[in-house]
Amino acid sequence: MSEWMPWAIAGKDFKVLGRKKSIAYTLVVFPLVIAVGLPAIGWLLITRDAVLAANLIPYFNVFAFFFVVVASFLPSAIASYSIVGEKVEKSLEPLLATPVTDDEILLGKSLASFLPSMGATYIGGAIYMVLVDVITLQPLGYLYYPDWTAAVLFLLAAPLACLFSVELSVIVSARVTDVRAAQQFGRLLLLPFAAVYVLGEIGIVPLVADNLLIISAVLLVVDVVLFSISRSTFKREEILTKWK
Amino acid sequence: MIDTVNLTRKFGEVTAVDGLTLHVDDGEVFGFLGPNGAGKTTTVRMLCCLISKTGGEARVANYDVGNVADAPKIRRLIGLVPDNVGLYEDLSAYENLDYYGKLYRRTEAQRKESIEYFLKMLGLWEKRDAMTGTFSKGMKQKLAIARALIHDPEVLFMDEPTANLDPESSKTVRDFILELKKEKKTIFLNTHNLDEAQRICDRIGILNTKLMAVGTPEELERSVLGRKTVVRLRRVNDAILGAVKKLSLGSMTREDDRLTIDVVDPEEENPAIVRAIVEAGGDVESLSVLGSTLEDAYLKLVREGQ
């Protein structure tokens, strides 16, 4: 496999995605609302009630789990254009007639979904952590972030959740015929991560570094399984004869 | 350049291509005619290593179509213009071609040179920065052809390149194919358009799941009904009839002062017919050649195959 070829494929997708306003808005707005919105609500509560502030502060790491949700949602929005879009434009046949291998195309498409999603997640996460530090510095007397929980969350859980979404999007792309259907499926991806968030919020599965490591390990196993399924799905013959 | 022996493709119980044996020469423009569902696109997809064969053998540029190691080598040597142009509508004409140039591992300088050459040749240079989504069907088709040629392939596969185009755009595309023919490019052309096949192709294969016939357009025309020379005389007598019979041509019928003679090669045989009639004292008023057309041949063969 050529190291350069997947980048050429991803580069083309970046160019196309950059011209799709809805994708650009999704990449900017969704992480930004969480990055600014959650600290803003926290700040309002902290400034009004000192007791509440003490109770609220530990929850900022639970709130940060929203960035795992973001990382799992964004790739499906991109992949719906990156892969289903090729089906809609019927551009897969000429692409598959080039000497590019199936794995190079799959990797290129995966990079095209993974990199912008993680980029947006990290930028949103960085803004979130800075804002949380700003509003908690005075009551705590030290910087809340960075900490181990955030490190595991952003460096392990979020990329693995993103990869989970990328692989699943490739598999789903083989079954759907339009971009909207793929996007609707992407919204369903939020559910398992939203469920983990709720479990964290009510204290059944505290979203601390140890538990996040376990969640990441589970995601890693699922990702490996999904990768082998998506690889077997993304074959020239399958694409041309079985993809609807 | 292209050889197939009993090439077969089945989809479950359905046989799309049945025992196709074919040879296409280097630099030849080969037309593939057939109704919808005849297996033309499936054949092209097999030869382009996009789908596998279920039987038989096929070679493109001496590489084995069924061999996994040979598939990338074949793809490097071929260009494909699919029935759906499949361009990226959010990319400009230049960007579409540049992307494909990268996929064929052309250097930046090579890409620049090829893109400029083809866009200028196809009259799209002025539109190079316009989004492909704004292009007319004809412009898109031309761009799809340029895309298939960006890496200077040895064989160009074209799947109905003028389908759904207006007459002017069709002519532009046809003229471009004729230019490529002059450059001795091997072209495998799937088409429904008999007139187009006749004008462009060196040889034509008629496919209806099975290969029904193959030959030059003239050979196909002759193969079905043959040709007839009709001679109108001032007066027909036994001496004239005897003189024509002596030429040992095909069968002859007389209707009043008109003789209809079966011929194989009118250009070769008609002067002898006229000479024999005149030497026998006959006066030729007119002479015409009747023959079956490619359409006759096509329809007859396709119906036979059903």
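Values in this text are rule-based calculations from the coordinates and carry no lab data. Only a predicted model underlies this, so the values are computations on that prediction, with no experimental measurement involved. Positions of Cβ are generated from backbone atoms using ideal geometry, with glycine treated the same way; all protein chains shown enter the neighbour counts.
Below are the figures for this structure:
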{"read-out": "Chain A, helix-only ellipticity at 222 nm - DSSP H runs n ≥ 4, -39,500 (n - 2.57), divided by all residues, nearest 500", "value": "-25000 deg cm²/dmol"}
{"read-out": "Chain A shape via C-alpha gyration tensor axes, a/c threshold 1.5", "value": "prolate"}
{"read-out": "The range A:123-244 - charge dipole about Cα centre, Lys and Arg +1 at Cβ, Asp and Glu -1, debye rounded to 20", "value": "680 debye"}
{"read-out": "Test item: Cα-centred dipole of the protein assembly as shown, Lys/Arg +1 and Asp/Glu -1 on Cβ, debye", "value": "580 debye"}
{"read-out": "Charge dipole (debye, nearest 20) of chain B; +1 at Cβ of Lys and Arg, -1 at Cβ of Asp and Glu", "value": "520 debye"}
{"read-out": "Between the range B:105-128 and the range A:114-138, the Cα center-to-center distance that results, in Å", "value": "44 Å"}
{"read-out": "Calculated from backbone phi, Karplus (6.51, -1.76, 1.60) coupling profile of the range B:194-210 in Hz, x at Gly/Pro", "value": "5, 4, 4, 4, 5, 6, 9, 8, 6, 9, 10, x, 9, 10, 9, 6, 9"}
{"read-out": "Trypsin sites (Lys or Arg not before Pro) within the range A:43-92, DSSP loop, no more than 14 other Cβ atoms inside 10 Å", "value": "A:Lys90"}
{"read-out": "Set of lysines near B:Lys228 by C-alpha distance (under 26 Å), chain-local residues within fewer than 8 positions excluded", "value": "B:Lys245, B:Lys246, B:Lys300"}
{"read-out": "Within chain B, longest stretch clear of exposed trypsin sites (Lys or Arg not before Pro) (DSSP loop, no more than 14 other Cβ within 10 Å)", "value": "B:1-183"}
{"read-out": "Total lysine pairs under 15 Å (Cα atoms) in the range A:5-241, excluding pairs fewer than 8 apart on one chain", "value": "6"}
{"read-out": "Contact order relative to length of the range B:225-291, as percent, for alpha carbon pairs under 8 angstrom and 6 or more apart", "value": "53 percent"}
{"read-out": "Per-residue Cβ neighbour rank within 10 angstrom, fewest leading, A:Glu104, A:Glu3", "value": "A:Glu3, A:Glu104"}
{"read-out": "Cleavage-rule hits, chymotrypsin sites (Phe, Trp or Tyr not before Pro), the range A:108-204, DSSP coil, Cβ neighbours within 10 Å at most 15", "value": "A:Tyr142"}
{"read-out": "Relative contact order for the range B:88-232, counting Cα pairs under 8 Å that sit 6 or more residues apart, in percent", "value": "18 percent"}
{"read-out": "Normalised contact order of chain A, rounded percent, pairs of Cα under 8 Å and 6 or more residues apart", "value": "30 percent"}
